[in-house]
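I have placed the structure first, in the form of structure tokens, so that the comments after it can refer back to it.
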Amino acid sequence: MALPGAMILLIVLARETGGPAEPADPPESDRKAELSQEENRRLRTLSRSKENPERAIAALRILTRHHRLAWDFVRLANYETSAGNHREASVQLEKGAEIFPTNSDICVPLANSYLLEKRVEKAAAQFRRCLDLDAADVAALRGLAGLRERAGSPKEAIDLHRRASALGSVESRRDLERLESGRQGGSGR
């Protein structure tokens, strides 16, 4: 006889991958039930499926419902972004950021997701939030520097690129040289 969690797994996977229709949603008490080690292992395997992204998405949705790892939200958002579902990617990352508020690994993907949606102020806020959590996050420094440059604030962009360059970012070093040479040539903004 199958365990309730395993039955939920099969129902949700079938429903989310276009399988046979089942009841709308499992009861709330079952949805919050812990996954067994076997269910978790099986979902992890399915979530890595490159041949069947729908199955991977379905498995990641189950894992995120159980709040397993912050990285599950990032991976689910990556699949959604690849499918062109930018808003859904942002929604999943927002959920992850709410559940894991001190995990800086969600901030940069969320900021980038906001950029895909043209939500620049929200993206800037996420880059800043990431830097509050981890001042040495090169991706956040570079992302915020790019936004500051596009906003016409090259001095702030230079300062951010200097910080990223000091942390070893070759790309920031190149951007820093480009920005500084532009300012010296009189074409700085």
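The values are calculated or read from the model by the stated rules, or taken from the named source; none is laboratory data. Predicted, not measured: the structure shown is a model, and the values here were computed from it. Please note: Cβ atoms are built from the backbone with ideal geometry, for glycine as well, and neighbour counts cover all protein chains shown.
Which one of Arg173, Arg189, Arg148, Arg142 is assigned to a helix (DSSP H, G or I) and modelled with pLDDT under 95?
Arg173
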Residue list for the range 55-94, restricted to those being closer than 15 Å to Thr45 by Cβ and of a type in the set (Val, Ile, Thr)
Ile57, Ile62
Under the condition of being within 22 Å of Phe100 (Cα to Cα) and in contact (Cβ under 8 Å) with a residue 24 or more places away in the chain, which residue from the range 41-62 is farthest from the chain's Cα centre (by Cα)?
Leu43
Given the criterion within 28 Å of Ile57 (Cα to Cα), modelled with pLDDT under 95, under 16 Å from the mean Cα position of the chain (by Cα) and not aromatic (Phe, Trp, Tyr), identify the matching residue among Ala83, Ala125.
Ala83
Picking from Ala151, Ala157, Ala97, Ala166, which residue would you name as being closer than 25 Å to Trp71 by Cα and of a type in the set (A, V, I, L, M, F, W, C)?
Ala97
